[in-house]
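For reference, the structure is listed below as structure tokens.
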Amino acid sequence: MSKKLILAVLSLVLSMMVGSPFGVLMSTAKEAGLPVPTGPYKVGVEWLHWIDVSRDEIFDKAPHGKREMMLEILYPANPAEGAKLAPYMVNQKVVLPAFTELASENGIAYAPKTDDVVNLQTHSYLDAPLSTDHPNYPVLIFSHGAGGEVTMYTAQLEELASHGYIVVAINHAYGAAATVFPDGRTVQFDLSKGLDGSAPIWSQDQIFVINQLEKLNQSDPNKLFTGRLDLSNLGVFGHSLGGSAATMTCYLDKRCKAGVNEDGPVFGDVIAKGLRQPFMYMITDHRFFYDPSSYKNAYGPFYEVALKGFEHFDFGDWPFWSNVSSLHDTFWLGSVDSARSETITRTYLLAFFDKYLKGLDSSLLDDLSPDFPEVTMETRNLKLP
């Protein structure tokens, strides 16, 4: 894919982040804030900085050095009385201008401000002990979309953690709008390797994180996760390019027991050779990245879930941001209500991972549900384990 074509794709993607039919909905979302997680657990959060010394950083904007990344880990927690909630988008003063710059470079007049997220509050507690209700918890690896950032998916990730998952969200350096490291360094988005060239790098990030989690499970310097990660029940998922990476990782690494791609393209050998793990692909109305042949060779249980009224950014927190109605196109946020989009996304993700990582059958995945008329679903190989 040429750089010119890549920038055209990114320009179209960014231009879709609009909401002319969303003026009232965005006002309501601003008042309501992020949805409260529905699970039985409170949620804890921790940030980690990891460096893969086996890989050089190769993006054009990168100085010489090794591949490094920030991770946000959300987990079932027992917070102490009076524990503090983490702020929403902890680095928003850096991330939002970087996101604005990325849009501006591609001719999009969209400039989110800190005021647009000021009323959003996480439900994640700082410095909270891991819940002792179970000896360990299944693990989910998550990757954001190109030009996004992990905290832009807070509602989705908190929901999974509240239902007993340890969710490890990777902020991919040079793939996020901005990544801020503990020493104050900031690196911004770099598409010099293209979408198809970045996806394998992100997949290797995910595999590196799985390797590191095995070490963390043996001995966590912070004493939080030692022996508490059920890595025999591990899923990988992501949005957009993060979903592309998740697909690759499940193909390459059998430690991935189940995976989900939220409206992302598919690259590499997996198209011809197919996946063997249970997998779910979630599709939006305009199906910008959708290719029906991408998963034609899936050998394991496979779900193709089409979401009427959804567009690409309905998977993240963007529907809950203020002033989205000022954008001039309707491609990137669909006609679905913001709270409804989050409910549908969270419910189907949870049903899928509960079935294949916890062994909890859900009738939601067996057939169409009258509770979710927006959803149509095609399935294959469901009789397989």
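Quick note: the coordinates plus some simple rules give every number you see, no bench work behind them. None of these values were measured; they are calculated from a predicted model. Please note: Cβ atoms are built from the backbone with ideal geometry, for glycine as well, and neighbour counts cover all protein chains shown.
Values as computed for the structure displayed
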{"quantity": "When the convex hull of its Cα atoms is projected in every direction, mean area for segment 207-342 (nm²)", "calculated": "10.0"}
{"quantity": "Choice from L333, L231, L160 showing the highest fluctuation, given a GNM over the chain with Cα pairs closer than 10 Å", "calculated": "L231"}
{"quantity": "DSSP bridge orientation in the chain - percent antiparallel, rounded to nearest 5", "calculated": "50"}
{"quantity": "Overall Cα dimensions of segment 248-287, principal axis frame, Å, largest first", "calculated": "32, 19, 12"}
{"quantity": "Relative packing of peptides 165-171, 199-205 - highest average C-beta neighbours within 10 Å first", "calculated": "165-171, 199-205"}
{"quantity": "Exposure proxy order (Cβ contacts within 10 Å, fewest to most) of D354, D361, D220", "calculated": "D361, D220, D354"}
{"quantity": "Too-long pairs where the Cα-Cα distance tops 28 Å, listed order kept, from K296/K383; K42/K296; K93/K358; K84/K358; K42/K358", "calculated": "K42/K296; K93/K358; K84/K358"}
{"quantity": "Residue of G145, G238, G309 that the Gaussian network model of the chain assigns the largest fluctuation, springs spanning Cα pairs under 10 Å", "calculated": "G309"}
{"quantity": "Residue-by-residue Karplus 3J(HN,Hα) for segment 154-170, coefficients 6.51, -1.76, 1.60, Hz, glycine and proline x", "calculated": "4, 4, 5, 6, 4, 4, 5, 4, 5, 9, x, 10, 8, 9, 10, 9, 9"}
{"quantity": "Global geometry of the chain, whether rounded, prolate or oblate, following the gyration tensor of its Cα atoms and the 1.5 cut on a/c", "calculated": "rounded"}
{"quantity": "Cut-off under 5 Å, modelled amide H: who pairs with Q121 long-range", "calculated": "L34"}
{"quantity": "Linear extension gain, D127 paired with K61, 0.36 nm per residue minus alpha-carbon span", "calculated": "20.3 nm"}
{"quantity": "Per-peptide average of other Cβ atoms within 10 Å, ordering 247-254, 111-118 highest first", "calculated": "247-254, 111-118"}
{"quantity": "Whole-angstrom gap from segment 281-325 to segment 189-222, using each part's C-alpha centre", "calculated": "23"}
{"quantity": "Additional length obtainable on full extension of the chain from K358 to N136, 0.36 nm per residue less Cα span", "calculated": "78.7 nm"}
{"quantity": "Sum of side-chain charges, S124 neighbourhood, beta-carbon under 12 Å (Lys, Arg +1; Asp, Glu -1)", "calculated": "-3"}
{"quantity": "At 0.890 mPa s and 25 °C, Stokes D of segment 28-129 from Kirkwood alpha-carbon radius, µm² per second", "calculated": "148"}
{"quantity": "Under 19 Å from the Cα of K61 - lysines, other chains or at least 8 residues apart", "calculated": "K3, K4, K193"}
{"quantity": "For segment 252-269 versus segment 351-371, the gap between their alpha-carbon centres in whole angstrom", "calculated": "19"}
{"quantity": "Modelled FRET efficiency - R0 25 Å, N222 with K254, Cβ distances, 0.05 increments", "calculated": "0.30"}
{"quantity": "Integer Hz, Karplus 6.51/-1.76/1.60 couplings in order for segment 87-96, x for Gly and Pro", "calculated": "x, 6, 6, 4, 10, 4, 5, 9, 5, 5"}
